[in-house]
1. Among the listed residues A:146, A:152, A:164, identify the single one that is without any contact (Cβ under 8 Å) to a residue 40 or more places away in the chain, over 24 Å from residue A:22 (Cβ atoms) and open to solvent by less than 50 Å² (accessible area, probe 1.4 Å).
2. Out of the residues in the range A:58-81 meeting the condition of being in contact with a helix residue (DSSP H, G or I) (Cβ under 7 Å, 6 or more places away or on another chain) and open to solvent by less than 80 Å² (accessible area, probe 1.4 Å), tell me which one is farthest from residue B:11 (Cα to Cα).
3. State all residues of the range A:86-120 that are within 13 Å of the chain's Cα centre (by Cα), within 12 Å of chain B (Cβ to nearest Cβ) and not basic (Lys, Arg); if no residue qualifies, say none.
4. Residues of the range A:37-57 being out of contact with any helix residue (DSSP H, G or I) (no Cβ under 7 Å at 6 or more places or on another chain), charged (D, E, K, R) and at pLDDT 90 or above, which ones?
5. Taking residue B:81, is it over 17 Å from residue B:128 (Cα atoms) and either within 13 Å of another protein chain (Cβ to nearest Cβ) or at pLDDT below 90 (or both)?
6. Sort out which residues of the range A:127-145 are within 18 Å of residue A:172 (Cα to Cα) and modelled with pLDDT under 90, and write them in order of number.
7. Tally the residues that are over 27 Å from residue B:50 (Cα atoms), part of a helix (DSSP H, G or I) and under 13 Å from the mean Cα position of the chain (by Cα), restricting the search to the range B:92-143.
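The values are calculated or read from the model by the stated rules, or taken from the named source; none is laboratory data. Small disclaimer: the values here were computed from a predicted structure and weren't measured. Counting neighbours? That spans all protein chains shown, and the Cβs are built from the backbone with ideal geometry, glycine included. Remember, those area values only see protein heavy atoms, side chains included, never the ligands or the DNA or RNA. Shrake-Rupley method; radii C 1.70, N 1.55, O 1.52, S 1.80 Å.
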Amino acid sequence: MQKQVDRNKSNKEIQTLSNSELFTLTYGALVTQLCKDYENDEEVNKQLDKMGYNIGVRLIEDFLARSTIGRCQDFRETADVIAKVAFKMYLGITPSVTNWSPAGDEFSLILENNPLVDFVELPDNHSTLIYSNLLCGVLRGALEMVQMAVDVKFVQDTLRGDNVTEIRMKFIKRIEENLPFALHRIC
Amino acid sequence: MADEAPFQLLHSELIHYIYQSEHGADTDNARNITKLEAMGFRVGQGLMERLTKDTARFKDELDVMKFICKDFWTCVFKKQIDNLRTNHQGIYVLQDNKFRLLGSLSAGKQYLEHAPKFLAFSCGLVRGALCSLGVRSIVTAEAAVMPACKFQVMIQKS
């Protein structure tokens, strides 16, 4: 009986704990499959980015619905929202925003710990694999849906021996919305 | 934290990838299902290892199944199994009236033919979870009216 109680008590803990683990493990299974399917790491990176993009363009909808974030005034605000709201909401971490370029169009997200790599070690023969490249795609896809073209890439990765994980984001341009042109009746 | 949207989207990307990739060019449905199932298996195994870290030892097979229906299901699918039935000879039927991963498909019968690929990963999950508790099984799933579905677990006696 006592054991039963213990088991129930830990339920809540279990749920929150493995919520992200489910994602982490599933992601791991995906990368493993991609490594089996493709000969070189480059291809895997590209595929991960592509899948991330597909996720991003849908995830932004969920994000806008859930958070009550409105339009951002500038790229700095966007950076803050990504780090403090989006990452917090979906990965449970808050990366720091640093290394702004003088022009203010480029910054780095520093991830102290990256939940995606919780159970991961890279084997020697995959030295060029960017394991978490999905994230780049997600950010690119999501921002594209709010009219921002950005370039996202990993510059440091703890999996490859760096101290922190660093994602570099560069603003490219605002995407003008091509509204279907309207014809007005003149006479 | 970590809300369920990322997992659902990842899951649908997974299916999309397996069915689109030129490597799976053999548009052989059964093979793709097997691939998805195998991925689920690995995930289920790992997840169960983490989940049962501090739990008491299970009394018997039924106890294990109850754990799958309650704790495991809640952890993965955010709800408990609605109905668990058994013939007491190694067959268990788990019914979920509102299965989360079928939630993105329209209810009813229109897309019924696509249901198996949305269930394959989960079959693997269950088989993997059972396997890491030392229960070998075969898991199949069927959906008659979405989003409800039934998982059938056949325990393999060695």
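1. On the way: A:146 fails: without any contact (Cβ under 8 Å) to a residue 40 or more places away in the chain; A:164 fails: without any contact (Cβ under 8 Å) to a residue 40 or more places away in the chain.
None of the other options fit; the residue is A:152.
2. Here the answer is A:72.
3. Within the range A:86-120, A:86, A:87, A:89, A:90, A:91, A:92, A:93, A:94, A:115, A:116 qualify.
4. Of everything in the range A:37-57, those that are out of contact with any helix residue (DSSP H, G or I) (no Cβ under 7 Å at 6 or more places or on another chain), charged (D, E, K, R) and at pLDDT 90 or above turn out to be A:42, A:43, A:46.
5. For residue B:81, the condition - over 17 Å from residue B:128 (Cα atoms) and either within 13 Å of another protein chain (Cβ to nearest Cβ) or at pLDDT below 90 (or both) - is not met.
6. Result: no residue meets the conditions.
7. Selection size over the range B:92-143: 2.
Results for (1) within 30 Å of residue A:120 (Cα to Cα); (2) modelled with pLDDT of 90 or more; (3) out of contact with any Gly (no Cβ under 7 Å at 6 or more places or on another chain), shown as yes or no for each residue.
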{"residue": "B:11", "(1), (2), (3)": "yes, yes, yes"}
{"residue": "B:14", "(1), (2), (3)": "yes, yes, yes"}
{"residue": "B:20", "(1), (2), (3)": "yes, no, yes"}
{"residue": "B:87", "(1), (2), (3)": "no, yes, yes"}
{"residue": "B:94", "(1), (2), (3)": "no, yes, yes"}
